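What follows is one structure encoded as structure tokens, with my remarks underneath.
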Amino acid sequence: MDTDRNRQPNDSARRRLQGELRELRQLRELRTREGGGRDRLETSPITGSNRSRLDQPRTARPGLITLPSYDPEAFGVLSERIARFLGTGRFIVWMTVVVVLWIGWNTLLPASVRFDEYPFIFLTLALSLQASYAAPLILLAQNRQDNRDRVNMEQDRARSDRSIADTEYLAREVAALRQGLGEVATRDFIRSELQSLLKEMDERRDASEAL
């Protein structure tokens, strides 16, 4: 009976250890299958609850709909180039040439080759589409330029603050040097003191000789 009682706790402890080892093995297989894991969750072998690890960054979970990603910096540079081209005389000349050719093609050529009859609805739609895309691109370029100007203004302000601080420091140092030089004995002062001492010694010698 005693051996059966001792065997039952040993069996329960062995089963608990086997269950923990099984959970650890499953966790290791899950981590190796995920290749590092996107969720980076750690499963406790005792409680079985998932908790996020604080020593690893949290990554986004893949959703049902994956939106296309783009580089904001590259898109901003492209928008600045387009906005810069839209603000040149070359764009105005080319747009004028295209509009004149479009109107001439659809008015002077035979009706069989015309693709946009008067009142040129397709041309109006194309120009409206071009304007609708040009306005946000110009605004984006202006926002980027404003951000750069703000950064430059902050740098200039910091540079001016450092210059003012350096100027004040140099002014204090010059004032301290002036005070120090005012207390230093100059050559003329030492010469006058020596002359006064020599005169005093001569007077004392004359007085002693007279006695």
Under a point spin-label approximation (7 Å from Cα along Cα-to-Cβ), what is the Gln195-Ala13 distance to one decimal in nm?
-> 10.9
Per principal axis, largest first, the Cα atoms of region 80-211 extend in Å by 145, 23, 16
Hey, any idea what % of region 117-211's accessible area is carbon plus sulfur with a 1.4 Å probe?
-> 60
For region 189-200, in residue order, the Karplus 3J(HN,Hα) values (coefficients 6.51, -1.76, 1.60; θ = phi - 60°; whole Hz; Gly and Pro = x) are 5, 5, 5, 5, 5, 5, 5, 5, 5, 4, 5, 5
Just going by the charge dipole of region 96-190, with Lys and Arg at +1 and Asp and Glu at -1 on Cβ, which of Leu127, Gln145, Ala111 is farthest out on the positive end?
-> Ala111
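Write down, largest first, the equivalent ellipsoid semi-axes of region 120-181 in whole Å, where each equals the square root of 5 times an eigenvalue of the alpha-carbon gyration tensor.
Numbers: eigenvalues 697, 8, 3 Å².
Whole-Å semi-axes of the equivalent ellipsoid: 59, 6, 4.
The values are calculated or read from the model by the stated rules, or taken from the named source; none is laboratory data. Small disclaimer: the values here were computed from a predicted structure and weren't measured. Reconstructed Cβ throughout: ideal geometry from the backbone, glycine too, with neighbour counts over all protein chains shown. Keep in mind that these areas ignore ligands, DNA and RNA; they rest on the heavy atoms of the full protein, side chains included. Shrake-Rupley method; radii C 1.70, N 1.55, O 1.52, S 1.80 Å.
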